[in-house]
Amino acid sequence: MKLNFHLLLAFGFLYFPLNASALEASANIKVTPLIQSTQSWNGTPIAYPAGQAQITGIMVEIAPGADTGWHQHPAPSFGVITQGTLEVTLRDGKVKRLQTGDALIEVVNTEHIGRNVGDVPVKLIVFYAGAVGQKLTVKTDEVKIDK
């Protein structure tokens, strides 16, 4: 039954336009869609973890020239770059470059590294759709990418 609900939910999102929102726009309310998808930026379908749902929001700051180290996320997440330039690289070599104002649906259970390739700190707001007790990030090793 739970799987059927998730399938129904996933297929339902396919039919809603990106401009569907929680609030109706008016003279006093501006609604700007940031991102909507059924898959992460590398094309992997989004699946929610089992267990008691828990939403977590964090602000990540990365100094110029610094990186996150190789890691992965066991739960779906999305983020918005509020400052700077971030380059995200997967183990297979795929690269995604993000600028201030860009939104991204993160890869799930896929090793990646984020690097600040700009001159100012990257500020990234990230929201995770995880489960109670689940780690949001798992470090995978200390290998660095030389750029």
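The values are calculated or read from the model by the stated rules, or taken from the named source; none is laboratory data. As the structure is a computational prediction, the values presented were derived from the model and not from experiment. Cβ sites come from the backbone with ideal geometry, for glycine too, and all protein chains shown count toward neighbours. Remember, those area values only see protein heavy atoms, side chains included, never the ligands or the DNA or RNA. Shrake-Rupley method; radii C 1.70, N 1.55, O 1.52, S 1.80 Å.
Key figures
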item	result
Hits in the range 68-118 (condition: in a loop (DSSP other than H, G, I, E, B) and of a type in the set (A, V, I, L, M))	Ala75, Val107, Val108, Val117
Filter result for the condition that a residue is among the aliphatic types (A, V, I, L, M) and open to solvent by 60 Å² or more (accessible area, probe 1.4 Å), over Val95, Val88, Val60	Val95
Residue among Ala75, Ala103 that is within 28 Å of Leu23 (Cα to Cα), in contact with a Pro (Cβ under 8 Å, 6 or more places away or on another chain) and of a type in the set (Gly, Ala, Ser)	Ala75
Flag if Arg91 is over 26 Å from Pro33 (Cα atoms) and without any contact (Cβ under 8 Å) to a residue 24 or more places away in the chain	yes
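Quick grid of which residues meet (1) closer than 22 Å to Arg115 by Cα; (2) in contact with a strand residue (DSSP E or B) (Cβ under 8 Å, 6 or more places away or on another chain):
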site	(1), (2)
Gly43	yes, no
Ile46	no, yes
Gln54	no, yes
Ala66	yes, yes
Gln72	yes, yes
Ser77	yes, yes
Val80	yes, yes
Gly84	yes, yes
